[in-house]
Amino acid sequence: MTINYTDFSGKSVLVTGGNSGIGAVTATLFEELGAKVAVADINTHNESGGAGDKNNIIVGDVSKESDAENIIDSANEMLSGIDVVVNSAGIVDEIKPAVERSIEVWQRIIDVNFRGTFLISRTAARYMMEQRGGSIINIASVNGPGGWPRRTAYGPSKASIIALTKELACEWGSAGIRVNAVGPAYITTPMVEGLIKEDKIDVERLCKRTPLNRLGGPEEVARAIVFLASDWASYITGETLFVDGGWMAYGGAGDVKTF
Ligand SMILES: NC(=O)c1ccc[n+]([C@@H]2O[C@H](COP(=O)([O-])OP(=O)(O)OC[C@H]3O[C@@H](n4cnc5c(N)ncnc54)[C@H](O)[C@@H]3O)[C@@H](O)[C@H]2O)c1
């Protein structure tokens, strides 16, 4: 039997954080593949020309229970169902020594990245259980399994997302709901461009540490998300697919040496 992996016509897709970066590119890609798409974001200002400039944006903070429930209820009404949810809303860390961190800022990062992913997934699954199926894709990071100094909120929030992805996949598999994640390395989005501008990351060093020797593009993450959402991934659940130019594969000391 041939399954057309790229045909999402008739499917309803919600992308949180869909007003910028990976979320915006993912929303646009799903639209191009025929899906009905809604985006949810805390920010109505569209800087990236993504899907949020259309009439399909739901404003809300994914870390607030009432907002998360409103996002899902509104998307379900707008799209007449929810087949796919992409949890792309997220914020970066402040990059500070652990001993100097404010617990309020620390908590906010955990709340948006981890609690938000849980709240949106929990509410969406109530609808998906009724319709006996669905697919949820979370956004982890290479900074989940890997330790980075001075990122004591972001890394743990992403490690928690990897664990949550497994937990929910096991709990909801028999209801026909698949739960997976992608784990990007550094991707050229407004989030990372901001870090570059503030001199918080050194792109040249990152490229030298990456087997493919470059940063990734948001469309490369979007394609992996679409694959996980598609029927070609019908027997895949609980997985985190790293989209990282080989970052996780590399275990050597210092730069990747090529010959
Ligand atoms: N860019 C990277 O290199 C990279 C690497 C690994 C993981 N990620 C993850 O990918 C996801 C998307 O990142 P991006 O680079 O596209 O960032 P981005 O800043 O370009 O986009 C994030 C979007 O999330 C929205 N958002 C933030 N807080 C929110 C909240 N409380 N409720 C609703 N929306 C909220 C923002 O307004 C923004 O539109 C994040 O979870 C990020 O941690 C990014």
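Quick look at the values:
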{"quantity": "Region 5-22: number of residues that are over 16 Å from N138 (Cβ atoms), touching a strand residue (DSSP E or B) at 6+ places or on another chain (Cβ under 7 Å) and within 7 Å of the ligand (Cβ to nearest atom)", "calculated": "1"}
{"quantity": "Set E198, E193: member being more than 19 Å from G216 (Cα to Cα) and either within 16 Å of the chain's Cα centre (by Cα) or surrounded by fewer than 19 Cβ atoms within 10 Å (Cβ to Cβ) (or both)", "calculated": "E198"}
{"quantity": "Residue match in region 122-140 (condition: closer than 19 Å to K166 by Cβ, in contact with a helix residue (DSSP H, G or I) (Cβ under 8 Å, 6 or more places away or on another chain), in a helix (DSSP H, G or I) and among the β-branched types (V, I, T))", "calculated": "no"}
{"quantity": "So D93, is it closer than 29 Å to A249 by Cα, over 20 Å from the mean Cα position of the chain (by Cα), outside any strand (DSSP E or B) and of a type outside the set (S, T, N, Q)", "calculated": "no"}
{"quantity": "Residue count for region 40-63, restricted to those that are at pLDDT 65 or above and over 18 Å from the mean Cα position of the chain (by Cα)", "calculated": "4"}
{"quantity": "Extreme residue, surrounded by the fewest Cβ atoms within 10 Å (Cβ to Cβ), among residues of region 23-40 that are away from the ligand (no atom under 11 Å from the Cβ) and of a type in the set (A, V, I, L, M, F, W, C)", "calculated": "L33"}
{"quantity": "Evaluation of I82 against (1) surrounded by 24 or more Cβ atoms within 10 Å (Cβ to Cβ); (2) within 9 Å of the ligand (Cβ to nearest atom); (3) at pLDDT 95 or above (one fails), failing number", "calculated": "(2)"}
{"quantity": "Given (1) aliphatic (A, V, I, L, M); (2) within 21 Å of M191 (Cα to Cα); (3) at pLDDT 95 or above, number of the condition I95 does not satisfy", "calculated": "(3)"}
{"quantity": "Residue ID - farthest from A24 (Cα to Cα), chosen from residues in region 184-201 that are in a loop (DSSP other than H, G, I, E, B), out of contact with any Phe, Trp or Tyr (no Cβ under 9 Å at 6 or more places or on another chain) and at pLDDT 95 or above", "calculated": "T188"}
{"quantity": "Residues within region 57-77 that are out of contact with any Gly (no Cβ under 7 Å at 6 or more places or on another chain) and either in a loop (DSSP other than H, G, I, E, B) or of a type outside the set (A, V, I, L, M, F, W, C) (or both), tallied", "calculated": "10"}
{"quantity": "Qualifying residue in region 108-121 (condition: in a helix (DSSP H, G or I) and free of Cβ contacts under 8 Å to residues at least 12 places away in the same chain)", "calculated": "no"}
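Residues are listed down the side, and each one gets a yes or a no for (1) in contact (Cβ under 8 Å) with a residue 24 or more places away in the chain; (2) under 20 Å from I91 (Cβ atoms); (3) within 11 Å of the ligand (Cβ to nearest atom):
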{"site": "S135", "(1), (2), (3)": "yes, no, no"}
{"site": "N138", "(1), (2), (3)": "yes, yes, yes"}
{"site": "N143", "(1), (2), (3)": "no, yes, yes"}
{"site": "W148", "(1), (2), (3)": "no, yes, no"}
{"site": "E171", "(1), (2), (3)": "no, no, no"}
{"site": "V192", "(1), (2), (3)": "no, yes, yes"}
{"site": "D202", "(1), (2), (3)": "no, no, no"}
{"site": "Y235", "(1), (2), (3)": "no, no, no"}
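The values are calculated or read from the model by the stated rules, or taken from the named source; none is laboratory data. Just so it is clear, the model here is predicted, and its values are computed rather than measured. Cβ atoms come from the backbone with ideal geometry, glycine included; neighbour counts cover every protein chain shown.
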